[in-house]
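The values are calculated or read from the model by the stated rules, or taken from the named source; none is laboratory data. The structure presented is a predicted model; accordingly, all values stated were derived computationally and were not measured. Reconstructed Cβ throughout: ideal geometry from the backbone, glycine too, with neighbour counts over all protein chains shown. Surface accessibility is based on the protein's heavy atoms, side chains included, excluding ligands, DNA and RNA. Shrake-Rupley method; radii C 1.70, N 1.55, O 1.52, S 1.80 Å.
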Amino acid sequence: MKTSSSGPRIQPRPLDTSATPARNEVKPQVAKGDSRDASRFESGAAKKPAVALSTPVATTQGARVTPGTYPTVADVKAISAMQDPVARNLAITQGYSDLSNALGQMLGKENANWSTFATWASKQAGVSIRNEDMPKFLTDALNGAAEMAGPLKKVDDVLRKLGLPSLPLADIASAGKDALNNVSNSIAEGNRFVFNEVGQEFARFIETFQGDTAFDAAKTQKYLDGFGQDKPLLKEAFGHYSQAMFEKDPNKKAELMLLGNNKIGLHEQTQLTPFIEKALNAPVKDTFRDILRQSIESGINSLPFPAKLAGQAALKTGLVDAALNPVVDATAGVFRRVATEHMMKLAVPGGALKLGNDLPPPAGMESTLFPPHLRSIQNPELRALLGKLDSSPDSLKGTAAKDWSKLDQRMDYIIDLFRTRQSDARLFDPPFGKSGTTYPLPATQQRAG
């Protein structure tokens, strides 16, 4: 399993403090790699300090967040320790929303923060964790899959000769449910892991800076020193948030927020890679083969003698397995298509985005694609980061992720998602139609969700 110390490292650059041009100009093109592989994330250059502490412009903020309206570090740990995956996901989703709103009170809600987006990603993860509608969806897909007809006919011919009924699709769907459980468990564990790590940092940021009315360089540096050496991207990201809190220029502030969001996203997705790979590369064939073979063995053992003896001989000689293997292969192929389609969606207010399609522009931005303060990027560090992650600068073409297990394809989609939707105020809407919860969570709620 990868650790944060093995993730990509992006070299930060000093903030651009020059005057910001109008946002309708075309930004300079950034040199990029030619292929979509992990090398696009590598940087061997020496690291610079995460934040230039002398650059922020002080403003009057002073927003205090009401205690109990967002999860503290202790609350994040308690939620992450919940054993019921469904209840835990609901608490994580609500926790992200409450952290998002708390940070929004401090930094302003004209720019979504990473936790704002994480709210909706966690809500979508809940659909996979609960396996909603998937057994029927899989059965329907198997019924309509042309590649299933031939293999099923051959195995049914063998079963008929043994005196057994045709292989029921219900058994295949049952095997699919077990395989889906493996997928949902991986998603649930990944969701828990990221919330426990990143959620604590959001809580720590809120506790540290709420109520501040001016930038305090020494306090900020002390806060940044609290990050582990294995979390450089998180350290840099929250450093950018601390700058954004006191930045008056709306263009520079939007870019600082996007820079922070992108770095947390890169850290998060690097950490999620083993969970995603496990979900997408689960031993599906073994699951299907074991359950279908058990079904056939049970049928053979219930036959009267001497049919039972003949059936057991067919098992030992490999005749049944030879007929069953093409069914297993075809079923596994259908399952992967269904599971990938099911997983590769992202809930957004009012609908869902299909990650296998190019990211659509927000309504009303069909020609501009990006909100006004992010149409032309001036921050040199942000431009460099986009140059490493974006395969089609200033365009949404080619953002579709064909293989969600690939980090570069996930990031290619995510950075444009962040940039296009950062000013969408609907992202701050409560995910479950309620304004929030009270922390710490009651023990009964932790158990039952």
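Values for this structure:
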{"item": "R0 of 60 Å, Cβ-Cβ distance THR208-GLN312: FRET efficiency to nearest 0.05", "result": "0.30"}
{"item": "Gained length - LYS161 relative to ASP358, 0.36 nm times residue gap less alpha-carbon distance", "result": "65.9 nm"}
{"item": "Rg in Å to one decimal, and Dmax rounded to a whole Å, for region 232-324 via C-alpha atoms", "result": "28.9, 87"}
{"item": "Inter-probe distance in nm under a simple model that places probes 7 Å from Cα toward Cβ, at GLN229 and ARG130", "result": "4.5"}
{"item": "Links that overshoot a 26 Å alpha carbon limit, given the list LYS77/LYS278; LYS77/LYS388; LYS219/LYS263; LYS177/LYS278; LYS77/LYS263", "result": "LYS77/LYS388"}
{"item": "Distance-filtered residues of region 187-208 - backbone nitrogen under 19 Å, label point 7 angstrom along GLU110 Cα→Cβ", "result": "none"}
{"item": "Partner aspartates and glutamates for LYS308 [C-alpha distance under 15 Å; skip if fewer than 8 residues away on the same chain]", "result": "GLU297"}
{"item": "Label-point gap, in nm, between ASN196 and ASP321 - each point 7 angstrom along Cα→Cβ", "result": "3.9"}
{"item": "Members of LYS231/LYS434; LYS153/LYS406; LYS222/LYS253 lying beyond 29 Å, as alpha-carbon distances in this model show", "result": "LYS231/LYS434; LYS153/LYS406"}
{"item": "For region 72-153, average projected area of the Cα convex hull in nm²", "result": "8.2"}
{"item": "Cβ-Cβ FRET estimate between LYS402 and LYS222, R0 fixed at 45 Å, reported to 0.05", "result": "0.50"}
{"item": "Computed lengthening from SER395 to THR69, 0.36 nm per intervening residue step minus Cα-Cα distance", "result": "113.5 nm"}
{"item": "Which of MET257, MET365 is most accessible, then next, and so on - probe 1.4 Å", "result": "MET365, MET257"}
{"item": "Residue (of THR208, GLN221, PHE193) at the positive-pole extreme of region 150-223, dipole from beta-carbon charges", "result": "PHE193"}
{"item": "Computed FRET value (nearest 0.05) for ASP290 with VAL86, which takes r as the C-beta separation and R₀ as 25 Å", "result": "0.45"}
{"item": "Distance from region 335-393 to region 78-120 (C-alpha centre basis), Å", "result": "21"}
{"item": "Charge tally in the Cβ shell below 14 Å around LEU396, where Lys, Arg are +1 and Asp, Glu are -1, LEU396 excluded", "result": "-1"}
{"item": "For region 175-227 versus region 259-332, the gap between their alpha-carbon centres in whole angstrom", "result": "35"}
{"item": "Chain lengthening between ASN185 and LYS153 when straightened (0.36 nm per residue, less Cα-Cα)", "result": "8.2 nm"}
{"item": "Solvent exposure ordering (accessible area, 1.4 Å, most first) of GLU147, GLU366, GLU255", "result": "GLU366, GLU147, GLU255"}
